[in-house]
Amino acid sequence: MELKTYFAQDASGNIMPGATVTVYEAGTATLATGLQDESGSPLANPFTADSSAKVAFYAPDGLYDITVVGNGRTVTIRAQFVSVDGASVLRADLAATGGSALVGFQQAGTGAVPRTLQDESRGWVTPEQFGAKGDNATDDTTAFSNAATYAASKNLPIRLEGGQYIVSTLTLSVDATFTGSGTIRKKPGTTGHLIVSTANLNIESGVVLDQNAANCPNPSASYNTDCAITHSGDELILRGVKSLASVSANINTSAKKLMVMDDCDVTGGWLCLRGVVAAACRVRIRGGRYSGSTVYDNIQVLNTQDYVIDGVTSHDSKMSCIVLNESAANGSVTNNICYGAGISGAEGGWGIVMSVLTTNATISGNHCYDNARGGITLDTTPIDGSTNDGRFVVSGNTLIGDYAGGYGTTGISVNKANQVVITSNTIRKFSQSILVNVANKFTVAQNVIEDCGGGYFFQATSCTGFEVSNNVMHTCATSASGAVSIFGSSQFKISGNMLSDVGGAGRSAFKFTSPCSDFVISGNKIDKADAGTGFMIYVAGDLTNARFTGNKFRSPAAAWQYYIVATGTTLVDVVTERNEIVVPSVQTNPNRYILNGAAIVGDGDIINGIRDKFSAAPTTWAFRNGYMAINNNVPQFWNGTAWVNI
């Protein structure tokens, strides 16, 4: 049965309340039977319209003539009554392409407005809407491509629905944003990139990229032939993305404006992340893990003039963990953990590298350990070999050698980078704790250096205008080297440092090799812990205008042979004054105070608690005219050529 509703009206459109309604079998004078009113109760035939002229009734399926009489007018119409299954109709309507427009939706909360499910659903795009299966078997490349094209035209994101999507190479020439969760996997047996983007690319948390390296080998691969992502658009933004091992570089971008990697997990590939970006590109790498590069570094960023690398864990790299290169500037590398860097050929092995022409950076709060070569290197040598005004601050880092159960090579290395501040770092178990080569105007201050094993606390070669002050240096035990070694440098000051447990046969606290000039060594405290041969100061090169003043040198009995030893050198205006020296051997042999120092002026040093008193008149160093001393209990003064009794 079907319910139909009419209103009785005359020829002028006036309603006819109480009009008489008669229903006939179509084309006959036979009254229809089985009529029902709106409530489903039996209805007489004929019947009358209600007070509003409404005519509403059910009739069995069939064709009927309906006659209405009222206000002197008779009207007959023919109508078909058909039984209707409402649920079936609703299902059909909802299954139609416009069915989602029939379902209402209103978000909870004040101010929410009514919408349809179609409105909500068209706020995103899924690959499944374009035929993707996500079954880890079907090639979904075309579906992804079509979804991306449509999404870009509507400025909508592409939402993954948790599938395992197989693609050969997904080429994106339009802006694309991927959200949701799921894996985009390289089709087995194919080569080339997984995703190629020449526009803006944004992939959000929950997406896994799988280059399927085990099933997609390429014997001819290079660093940029078979990447998970190769990108050349304005912006690359990856947040919470996991990218599995790649045949080439894993993530490779030449972004022009923005590169963001937040909390990503990138494993394997020639490099985990390679950003050869435009100078104007801002780089932000925050959090996440990068591990297992197979040919080069885990992270390599070039050219950017604005970068932040913070809170990253980078480990087990073929070469180095984090590398900035090719004029990268104006950035910070902070709070990262770098370990397990290896050496390939003669390259790599560092936790953090600032390489060719990098400038203006803060390297702070990092923890670098168990790297084959060392913690941090500032090797910014320009291509022409000149020095570079690096302007780096290296502060608050913890650097631990302990590589493969032994010593790392170098804690901090600086090569041809000027204006560097190295401060408040903890450096432990490196053969060379701090090494500076061909650099000017730098400061090394307030660092704690422990256990340098087979090398030195600090070494400078061919440097000018630097200061080493207020550092604590403990345990430097290997023989025949200087705990602090200076080669061919000038215009420097080493002051206020504490050197303790300096030992080993032939060891010196300070060693000067090649011409050094215009410097002051003052206010330092040096302790030698064990017996053996060695010197407090070893001069193995020419010195000019040098002052050793106000230092405290201590050693146990027979620990050091001499205070100063000069061998085969030209000494001009070299003075040792007001130092406190505890060298027991000097008491029995005054010439152990200074050996071969005919041009070194000794003036007012306190030796073994006594000023200017020797067991015999010293002859191996110079004195100012009028210098007075008690020699073999006899007061004498130096008249410029000989000792004369007073």
- Message: Need one number for the chain: average projected area of the convex hull over its C-alpha atoms, nm².
- Response: 45.5 nm²
- Nearest 10 degrees, 0 to 90: helix 86-95 Cα axis against the chain principal axis: 40 degrees
- Environment charge of Thr334, counting only residues whose C-beta is closer than 14 Å and scoring Lys/Arg +1, Asp/Glu -1: +1
- Over what distance in Å are the Cα centres of the range 488-503 and the range 203-229 separated? 51 Å
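For the chain, what is the charge dipole size about the Cα centre, in debye to the nearest 20, if Lys and Arg each add +1 at the Cβ and Asp and Glu each add -1 at the Cβ? Mind showing how you got there, number by number?
Numbers: 42 positive and 51 negative charges, 451 e Å.
With only Lys, Arg, Asp and Glu charged at Cβ, the dipole is about 2160 debye.
I want the antiparallel fraction of DSSP beta bridges within the chain, as a percent rounded to 5. Let's see the in-between values first.
On the way: 40 of 237 bridges.
For the chain, the DSSP antiparallel bridge percentage is about 15.
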- Relative contact order for the chain: what is it in percent, counting Cα pairs under 8 Å that are at least 6 residues apart? 4 percent
- Query: Taking Cα atoms of the range 321-437, Rg/Rh with Kirkwood Rh, to two decimals?
  - Reply: 0.94
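Roll a 1.4 Å probe over the protein chains and send me the accessible area per residue for the chain in Å². Before the final figure, lay out each step's value.
On the way: 25890 Å² over 646 residues.
Accessible surface, normalised per residue, equals 40 Å².
Ignoring everything except DSSP H segments at least 4 long, calculate the 222 nm mean residue ellipticity for the chain; use -39,500 (n - 2.57) per segment, divide by total residues, nearest 500. Can you show the working numbers first?
Working: 4 runs with 33 residues, N = 646.
Roughly -1500 deg cm²/dmol at 222 nm, from the helical runs in the chain.
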- In the range 337-496, what percentage of the DSSP-assigned beta bridges are antiparallel, given to the nearest 5? 5 percent
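How much net charge surrounds Arg611 when only the other residues with a Cβ under 13 Å from the Cβ of Arg611 are counted, with Lys and Arg +1 and Asp and Glu -1? Please report the intermediate quantities before stating the final value.
Numbers: positive: Arg578, Lys613; negative: Glu577, Glu580, Asp603, Asp605, Asp612.
Once positives and negatives cancel, what remains is -3.
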- Query: Given a Förster radius of 56 Å and the C-beta distance between Ser332 and Ala598 as r, what FRET efficiency does 1/(1 + (r/R0)^6) yield to the nearest 0.05?
  - Reply: 0.60
- Using the alpha-carbon atoms, what tilt in degrees (0 to 90, nearest 10) does helix 141-154 show relative to the longest principal axis of the chain? 80 degrees
- First select every other residue whose beta carbon is under 9 angstrom from the beta carbon of Asp265; then total the charges, Lys and Arg +1, Asp and Glu -1. +1
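Taking 22 Å as the cut-off for C-alpha to C-alpha distance, list the pairs among Lys133/Lys187; Lys186/Lys257; Lys493/Lys613; Lys552/Lys613; Lys528/Lys552; Lys429/Lys552 that go past it. Walk me through the numbers on the way to the answer.
Numbers: Lys133/Lys187 14 Å; Lys186/Lys257 28 Å; Lys493/Lys613 29 Å; Lys552/Lys613 18 Å; Lys528/Lys552 11 Å; Lys429/Lys552 26 Å.
Lys186/Lys257; Lys493/Lys613; Lys429/Lys552, as the Cα separations exceed 22 Å there.
The values are calculated or read from the model by the stated rules, or taken from the named source; none is laboratory data. Being a predicted model, the structure only gives us computed values, none of them experimental. Ideal geometry is used to build each Cβ from the backbone, glycine not excepted, and the neighbour counts take in all protein chains shown. The protein model used for the area step is the full one, side chains on, heavy atoms only, and it has no ligands, DNA or RNA in it. Shrake-Rupley method; radii C 1.70, N 1.55, O 1.52, S 1.80 Å.
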